[in-house]
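First up is the structure itself, then whatever we jot down about it.
Here, each number is a calculation from the coordinates, and none is a lab measurement. Values in this document were obtained by computation on a predicted structure and should not be read as measured data. Please note: Cβ atoms are built from the backbone with ideal geometry, for glycine as well, and neighbour counts cover all protein chains shown.
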Amino acid sequence: MEIKELKGLAVANSIKEQIVSKVKRLKANGVNPCVAILRVGDNPDDMAYENGATKRMAGMEIDVKHITLDGDISEENCLDAIEKLNRDETVHGVLILMPLPKHIREDAVRKALSPEKDIDGITSANMARLFMQREGMVPCTPKGVVELLKYYEIPLQGKRVLIIGRSLIVGKPLALMLLNENATVTIAHSRTENLSKLSSEFDIVVCAIGKARFLTKEFVKDGAVIIDVGINPTPDGGITGDVEYETVSKKASAITPVPGGVGSVTTTILAKQLVETCERQYLK
Ligand code: NAD
């Protein structure tokens, strides 16, 4: 059986073309799309993500404004910074790097952000739109998973998909997005019993748990499609996924690598949602 490696860059590049032409049109109409990236503290993972996102945006002629707050900033001052971005007419979308330091309530931050600038789909208004199957901005990582599956023409309609992980930014929104694609969705999590047996019954498995090389070949049915969302640091300064790639790829029909898989699509989705919110505000 030939294994298909589902690389993210090809997906990102296919979406990039549409974004670049939308940015040109917006600029011709006097709108200069700009995303603000708000970072609290200097966590190296956040800084690496911010650098990657900045480069990707630059490649699409999108401006980036960096808001960097001290790690010990008060919640009140952090919320003030978000309010300021809500009012800033030169900023069209805001990405808040999470997780935030423990003394800042993520719920308060979600409430403070204007849904019109919420290009990562973290506000309850945008989550409700996803729940109700209305147009809106959605969390970028699960959207990237759906775009990747579609790009590689992996059928979803009527297919049984297992999502391992039920977080608010990956597992739960992905379940809704795949339901909207008419897949039959099951969610597993840390309390699921007998996960390897359950998992080995599915044609498509998405793993998003944050545990390096957790999903071994025992979890996988022959010919399954495996999507690895995990990003876990390795001792040599690199990253690895939630899937034991070397063994699982021998059984799977298709698999995403880490790095170079889902993670390569995420910031392009962010840019897509940024230009779409600009279009909704200025071109209609
Ligand atoms: P999280 O910690 O918020 O949630 C983890 C989920 O995994 C929980 O729902 C938990 O129930 C489940 N889980 C944990 N251990 C489990 C186990 N042994 N068996 C079954 N389920 C288990 O994590 P998250 O924010 O959803 O991120 C998950 C992973 O995805 C992380 O590695 C993160 O770095 C990565 N991530 C990648 C991207 C990307 O762009 N590729 C974006 C966001 C997150």
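Which of the residues belonging to the range 58-89 are surrounded by fewer than 12 Cβ atoms within 10 Å (Cβ to Cβ) and in contact with a strand residue (DSSP E or B) (Cβ under 6 Å, 6 or more places away or on another chain)?
His66
All but one of (1) closer than 30 Å to Val225 by Cα; (2) within 14 Å of the chain's Cα centre (by Cα) hold for Ile164, so report the exception by its number.
(2)
When the range 1-24 is examined, which residues are found to be charged (D, E, K, R) and within 25 Å of Val225 (Cβ to Cβ)?
Selection gives Glu2, Lys4, Glu5, Lys7, Lys16.
Under 19 Å from the mean Cα position of the chain (by Cα), part of a loop (DSSP other than H, G, I, E, B) and either within 14 Å of the ligand (Cβ to nearest atom) or at positive phi (or both), is that true of Gly144?
Criteria not met by Gly144.
Scan the range 126-176 for residues that are in contact with a strand residue (DSSP E or B) (Cβ under 7 Å, 6 or more places away or on another chain), of a type in the set (D, E, K, R) and over 19 Å from Leu195 (Cβ atoms) and jot them down.
The answer is Lys159, and nothing else.
Could you list, in sequence order, the residues of the range 95-128 that are under 17 Å from the mean Cα position of the chain (by Cα) and basic (Lys, Arg)?
Once the filter is applied, which keeps residues that are under 17 Å from the mean Cα position of the chain (by Cα) and basic (Lys, Arg), the range 95-128 yields Arg110, Lys117.
Scan the range 165-183 and report the pairs whose first residue is within 12 Å of Val138 (Cβ to Cβ) and aliphatic (A, V, I, L, M) and whose second residue is more than 6 Å from the ligand (Cβ to nearest atom) and assigned to a loop (DSSP other than H, G, I, E, B), with Cβ atoms within less than 6 Å and a gap of 6+ or a chain change.
The qualifying pairs are Ile169/Pro139.
Name the residue that is surrounded by the most Cβ atoms within 10 Å (Cβ to Cβ), counting only residues in the range 96-151 that are among the basic types (Lys, Arg) and over 23 Å from Val275 (Cα atoms).
The qualifying residue surrounded by the most Cβ atoms within 10 Å (Cβ to Cβ) is Arg105.
Counting only residues that are within 13 Å of the ligand (Cβ to nearest atom) and in contact with a helix residue (DSSP H, G or I) (Cβ under 7 Å, 6 or more places away or on another chain), which one in the range 172-191 is nearest to Glu147 (Cα to Cα)?
It comes out as Leu174.
Looking at (1) more than 14 Å from the ligand (Cβ to nearest atom); (2) under 24 Å from Lys4 (Cα atoms); (3) of a type outside the set (Val, Ile, Thr); (4) part of a loop (DSSP other than H, G, I, E, B), which one does Gln133 not meet, given that it meets all the others?
The number of the failed condition is (2).
State all residues of the range 196-209 that are surrounded by 16 or more Cβ atoms within 10 Å (Cβ to Cβ), over 24 Å from the mean Cα position of the chain (by Cα) and in a helix (DSSP H, G or I); if no residue qualifies, say none.
Listed by number, the list holds a single entry, Leu198.
If I filter the range 68-82 for residues that are in a loop (DSSP other than H, G, I, E, B) and within 27 Å of Ala12 (Cα to Cα), do I get at least one hit?
Taking every residue of the range 68-82 in turn, none turns out to be in a loop (DSSP other than H, G, I, E, B) and within 27 Å of Ala12 (Cα to Cα).
Any residue in the range 16-35 that is surrounded by 13 or more Cβ atoms within 10 Å (Cβ to Cβ), under 22 Å from Asp70 (Cβ atoms) and not basic (Lys, Arg)?
yes
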